[in-house]
Amino acid sequence: MKRSRGRFSFRMTEDESKQFEAIAAPVVTDPRVTRMKKYIQHGNKSTYDHCIDVARMAFLINRRFHVGADEKKLVRACLLHDYFLYDWHTKGDHLHGYHHPSIAGRNAEADFSISQKEKKMIETHMWPLTFLHFPTSRGGWLLTLADKICSSREVIKKHSFP
Ligand SMILES: [Fe+2]
Ligand SMILES: [Fe+2]
């Protein structure tokens, strides 16, 4: 029996790319957000590129598994989830992992008119590290999951042989 191929793909279609870009463009082209290009997240991946990867991953999981999260809120929160605006390798304390979600949430609220739901998604993205601050929306859980997938890939790539 012939296997049907190409029905499930974890790459964006052309249409999906356009839809994603339409939501992401106002945020990723903002000069306040492009400052994240200066900061390294893991390996040689900038915080800016990391946030875009997380947004694309969350957008795709939401589509492929019919999670039903609001796409606009999801993509915006993902793009701003690490908007803490410093190099965490040299600045910040040893509790950066615990503190940065609330710093990013505050910055995102001050610079962009994000909703309380988007802010909460950003503030809880490090769960379970932030034990009592857990996601309370589908989008929040997706952001948390997509961030862990992307961060793990970055760390594994950094420590793997070329
Ligand atoms: Fe983070
Ligand atoms: Fe992140």
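Computed about the Cα centre, the dipole magnitude for region 14-159 is approximately 160 debye when only Lys and Arg (+1) and Asp and Glu (-1) carry charge, each at its Cβ. Helix 14-28 and the long axis of the chain differ in direction by around 10°, with both axes built from C-alpha atoms.
Kirkwood Rh over Cα pairs of region 52-162 into Stokes-Einstein at 10 °C, 1.306 mPa s: D in µm²/s?
On the way: Rh = 14.2 Å.
Diffusion coefficient, whole number: 112 µm²/s.
Annotation: amide H-H contacts under 5 Å for residue 70 (H modelled 1.01 Å from N, sequence separation of 5 or more, or interchain): 139.
Proximity of backbone amide H atoms, modeled 1.01 Å from N, is registered between residue 41 and 46, 47 at under 5 Å, excluding neighbours fewer than 5 places apart on the same chain. Among 112, 84, 20, the residue with the largest mean-square fluctuation in a Gaussian network model of the chain, with springs joining Cα atoms closer than 10 Å, is 112. Can you work out the FRET efficiency for the pair residue 111 and residue 38, with r the C-beta to C-beta distance and R0 = 22 Å, to the nearest 0.05? The formula returns an efficiency of 0.85 here.
Let me make sure I get this right: for region 1-98, a, b and c are the square roots of the gyration tensor eigenvalues over alpha carbons, sorted descending. Under 1.5 in a/c it's rounded, otherwise prolate if a/b > b/c, else oblate. Which is it? Don't jump to the answer; show the numbers that get you there.
Working: a/c = 2.41, a/b = 1.91, b/c = 1.26.
Here region 1-98 falls in the prolate category.
All of the numbers you see were taken from the coordinates with simple rules; none came from a lab. Just so it is clear, the model here is predicted, and its values are computed rather than measured. So basically every Cβ, Gly included, is an ideal-geometry build from the backbone, and we count neighbours across all protein chains shown.
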